[in-house]
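K.L.:
Here you go, one structure.
Read-outs: derived from the displayed coordinates by stated rules, not from any lab. In this text the structure is predicted, and so the values were computed from the model without any measurement. Counting neighbours? That spans all protein chains shown, and the Cβs are built from the backbone with ideal geometry, glycine included.
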Number of protein chains: 2
Amino acid sequence: MKFTINRSAFIAKLNDVLRAISSKTTIPILTGLKIVVTPQDVTLTGSDADITIQTVLSSNDDTFGLTVEQPGEIVLPARFFSEIVKKLPDDQVTIEISDGFQAQITSGSASFTINGQDANNYPRLPEIETTDTVKLAGDVFKEIIGQTVIAVSSQESRPILTGVHFVLEGNHLLSVATDSHRLAQRKVELPDAIEQRYDVIIPGKSLTELSRMIGDSSDPVELRISENQVLFNLGDTWFYSRLLEGNYPETSRLIPDSSETTAELNASAFLSSIERASLLSHESRNNVVKLSLNPADNVAKISGNSPDVGNVEEDIAVSSLDGEELEISFNPDYMKDALRSFGQSEIKISFTSALRPFILVPTENEDNFVQLITPVRTY
Amino acid sequence: MKFTINRSAFIAKLNDVLRAISSKTTIPILTGLKIVVTPQDVTLTGSDADITIQTVLSSNDDTFGLTVEQPGEIVLPARFFSEIVKKLPDDQVTIEISDGFQAQITSGSASFTINGQDANNYPRLPEIETTDTVKLAGDVFKEIIGQTVIAVSSQESRPILTGVHFVLEGNHLLSVATDSHRLAQRKVELPDAIEQRYDVIIPGKSLTELSRMIGDSSDPVELRISENQVLFNLGDTWFYSRLLEGNYPETSRLIPDSSETTAELNASAFLSSIERASLLSHESRNNVVKLSLNPADNVAKISGNSPDVGNVEEDIAVSSLDGEELEISFNPDYMKDALRSFGQSEIKISFTSALRPFILVPTENEDNFVQLITPVRTY
């Protein structure tokens, strides 16, 4: 095996594959990067058993300046190998299997020899047999992930809640996440209707990594779903994730469809107020802030109190306030996560009572995106 | 006590004083920020008992937009107070002692009340009785710190070596630091001769914090030295540090004055080579790289070897190479620190033998700046 490649283009692809590689793995060979060289291209593979990322560097793509002198394959220690490649002096790097499983890395006047492993011992990729694909614009998919993954549970006690529930049917995509204290739900219309119905739970961690790879372009992301794996295709990169097994709890009934008090306000201005109030609540034992709404006087107020450290009070600017008077307490960190997912939008918050979950929706698009938060009982 | 001030200018000064305040202190009131308000100005003080920083915000300085309504003083929880001020909504902030030791912080529609402490319980500042001052340009002083503090010991077993030794006499300043494996020495001519001789050891940690406050300007820094304290004055900010007690070891004899092999090369290019070689040495048990110099063939080579991970070899570009053939091994991390202190300069490295310390000096200015490194015996 021997090839020469443009170092900076190689590093960019290496970084993509490194996302999947963890130094904490129970399967030692997975700390390695698998390199397969054919006369036409170089394929890099990294995996932590949950996520597998594979990318192809083609000699037809000029950005790589790839010259293959001899095909072959090897597994190299991923972190160490990438540190070396990143520090090399020259614009180009040559990687050659010199002897057994030893790789020689040459660039300018520097030459490293590092010990690798037999690529035959690297686990095989999961097989995705279906040919049914779902297409979505990259930026839309990234938005869906950002809006739902915040509500995923970080506790392993109910593993199913560490994933986002996706239901795809016809040209509808529904994604829901909940950690049982809050819930996020986003609906999207697919550009092309699909034949089969899919009901899958994708680990939140996989979606977060995938989201970082998508970038900000609207280039399409293609999904293929099998019984226990999902495969995302982003141009010349393939991202595999295992699916979570089990039935996701029924969530549609959790979202209230009526309200007693509503407030319309700017998500980003309200976020700043909550951030201030949470400075104080973070210092106290119970991390809670109180929202007081008085529609008759058109006054909305956020407050927090902790006998040890002090108290905070702030008037909130609202564009409208309707319904019953209400005092409600909640965890400001849940509110911050929810508000961030709305960006600069105007939102509507709808409450039923001080102890019932309340919902946040964008004023412009009430039906497709909902954040739900369960209040905290303070007496 | 009540005053109103421009929030961003206040934050800048607050950040300066916060450098001295640690949340890990055995004296609880030192987690606080002391605020003293007179009709003319506001003085902020922070301290961790080793370092004390005091800054004065004058109502004559327009950048502060300071209006004092009522003088007074208080100690407020430093970290919490600064987080609040940084998050407030308006350009201005008003701070008022409302009741006992409670402070009210108001800005725009937000209002915080936080519990403070009686300023009478705050420790008094160290007294510096001398009026003899030493003046140095800020950028020069920052350079001296950067060049010497790298060789300070991080081990508390010999506390005296955790400081930099300063000797000031006439118009000479000598600064030396060593952790017994390496040594850094810098000499500077003072703009004005001083009357008294000073021989003091300033804690490395104090110098590092001071250096961050100096900025990049050549505005003068004034030093005043008493028996167990040094005071640095930077415009409207005073920085106090305790001195280390004891006698600093005699270091002048450690620097060899003859050599058998010399190499001249570019510090920054050599640094890149050492950084690459250290990638390998960091993976192995003994963190060592080998430099091979062959003046007869004009060849300089850096290499490293670790049976478990692999090996590295690189030719080094030298502008001159003279004397005896030599192979010498050293800790690459010491070499990296030393090389960084030379920036982009051409340097000369002088060796006596494989087991004797060697020195690095700038080619342009051999007498005023020396880095010394002790080699590692590898057999």
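K.L.:
Please say if region B:255-373 is rounded, prolate or oblate, where rounded means a/c under 1.5 for a ≥ b ≥ c the square roots of the C-alpha gyration tensor eigenvalues, and otherwise the choice is prolate for a/b larger than b/c and oblate otherwise?
P.N.:
Because a/c hits 1.5 or more and a/b exceeds b/c, region B:255-373 counts as prolate.
K.L.:
While we're here: Using a Förster radius of 60 Å, what is the FRET efficiency between B:S23 and B:S320 based on their Cβ-Cβ separation? Nearest 0.05, please. Walk me through the numbers before you get to the answer.
P.N.:
Working: r = 53 Å, r/R0 = 0.88.
The pair B:S23/B:S320 has a calculated efficiency of 0.70.
K.L.:
To make sure I understand the rule: partners must be lysines, Cα under 25 Å from the Cα of A:K34, and not fewer than 8 residues away in the same chain. Which ones qualify?
P.N.:
Partners found: A:K2, A:K13, A:K24, A:K86, A:K87, A:K205.
K.L.:
Taking just the C-alpha trace of region A:135-248, give me its Rg and Dmax in Å.
P.N.:
Over region A:135-248's Cα set, Rg and Dmax evaluate to 13.2, 39 Å.
K.L.:
With θ set to phi - 60°, apply the Karplus curve 6.51 cos²θ - 1.76 cosθ + 1.60 along region A:177-184 and write out the HN-Hα couplings as whole Hz, x wherever there is a Gly or Pro.
P.N.:
In residue order, the calculated couplings are 9, 8, 10, 6, 9, 8, 8, 10 Hz.
K.L.:
Next up: Between the DSSP loop rule and a limit of at most 10 other Cβ atoms within 10 Å, which trypsin sites (Lys or Arg not before Pro) in region A:198-304 are left?
P.N.:
On the way: sites: A:K205, A:R212, A:R224, A:R242, A:R253, A:R276, A:R285, A:K290, A:K301; in loops: A:R285.
Those that pass, being in a loop and sparsely packed, are A:R285.
K.L.:
Same structure again: Looking at the calculated P(r) for chain A, what percent of the C-alpha pair distances fall above 38 Å? Spell out each step's value before the answer.
P.N.:
Values: 25154 of 71631 pairs.
Of all Cα-Cα distances in chain A, 35 percent exceed 38 Å.
K.L.:
Can you list the residues, at least 5 places off or on another chain, whose amide H is less than 5 Å from the amide H of B:V376, using H built in the peptide plane?
P.N.:
For B:V376, whose amide H was placed from the backbone, the distant partners under 5 Å are B:S329, B:F330, B:N331.
K.L.:
I've got another one for you. Using only the alpha-carbon atoms, what does region B:2-121 span along each of its principal axes? Please give whole angstrom values in decreasing order.
P.N.:
Principal extents (largest minus smallest coordinate, Cα): 36, 27, 25 Å.
K.L.:
In nm, one decimal, shortest first: how far is the label point of A:D333 (7 Å from Cα along Cα to beta carbon) from the matching points in the other copies?
P.N.:
Once sorted, the set of distances for A:D333 reads 3.4 nm.
K.L.:
Semi-axes of the equivalent ellipsoid of region B:212-264: what are they in whole Å, largest first, if each equals the square root of 5 times a C-alpha gyration tensor eigenvalue?
P.N.:
Equivalent ellipsoid semi-axes, largest first: 34, 21, 8 Å.
K.L.:
Another question, if that's okay. For B:T133, A:T43, which order do you get if you count the other beta carbons within 10 Å of each Cβ and list the fewest first?
P.N.:
B:T133, A:T43
K.L.:
Just add up the charged neighbours of A:S217: K/R +1, D/E -1, any other residue whose Cβ is under 11 Å from the Cβ of A:S217. List each step's numbers first, then the result.
P.N.:
Working: positive: A:K142; negative: A:D139, A:D216, A:D219.
Its environment carries a net charge of -2.
K.L.:
Shifting gears a bit: For B:Q102, what residues show an amide H to amide H distance below 5 Å, using hydrogens built from the backbone and excluding near sequence neighbours?
P.N.:
Here B:G116 satisfy the definition.
K.L.:
Would you calculate the separation in nanometres between label points at A:D333 and B:D62, each defined as 7 Å from the Cα along the Cα-to-beta-carbon direction?
P.N.:
So the two model labels end up 4.6 nm from each other.
K.L.:
Shifting gears a bit: Check B:Q229: other-chain or 5+ apart residues with amide H under 5 Å from its amide H, H built from backbone geometry?
P.N.:
So B:Q229 has HN proximity to B:L243.
K.L.:
Spelling out what I want: for every residue of region B:327-340, take phi, set θ = phi - 60°, compute 6.51 cos²θ - 1.76 cosθ + 1.60 (Karplus), and round to whole Hz; glycine and proline get x.
P.N.:
With the stated coefficients, region B:327-340 comes to 10, 9, 10, 8, 6, x, 5, 5, 5, 4, 4, 4, 5, 4 Hz.
K.L.:
Still on this structure: Measuring from centroid to centroid over Cα atoms, what is the spacing of region A:343-373 and region A:87-149 in Å?
P.N.:
For region A:343-373 versus region A:87-149, the Cα centre distance is 42 Å.
K.L.:
³J(HN,Hα) across region B:279-285 via Karplus (A = 6.51, B = -1.76, C = 1.60, θ = phi - 60°), whole Hz, x for Gly/Pro?
P.N.:
4, 6, 5, 5, 7, 9, 5
K.L.:
Can I get the semi-axes of region B:136-180's equivalent ellipsoid? Compute them from the C-alpha gyration tensor as square roots of 5 times the eigenvalues, in angstrom, largest first.
P.N.:
22, 12, 7
K.L.:
Another one. When we measure straight from the Cα of B:K301, which lysines land under 17 angstrom away, once same-chain ones fewer than 8 places off are left out?
P.N.:
B:K290, B:K336, B:K348
K.L.:
What ranking of A:D139, A:D367, B:D91 emerges when the number of other C-beta atoms within 10 Å of each C-beta is taken as an exposure proxy, fewest first?
P.N.:
With the sparsest Cβ surroundings first, the list reads A:D367, B:D91, A:D139.
K.L.:
Using a cut-off of 20 Å between alpha-carbon atoms, which lysines can reach B:K135, once sequence neighbours fewer than 8 places away in the same chain are excluded?
P.N.:
Cα-Cα hits under 20 Å: B:K187.
K.L.:
Hey, another quick one. Cα-based Rg (one decimal) and Dmax (whole number) for region A:55-138, in Å?
P.N.:
According to the Cα coordinates of region A:55-138, Rg and Dmax are 16.5, 50 Å.
K.L.:
While we're here: So for the protein assembly as shown, Kirkwood radius off the Cα pairs, Stokes-Einstein at 10 °C and 1.306 mPa s: how many µm² s⁻¹?
P.N.:
51 µm²/s
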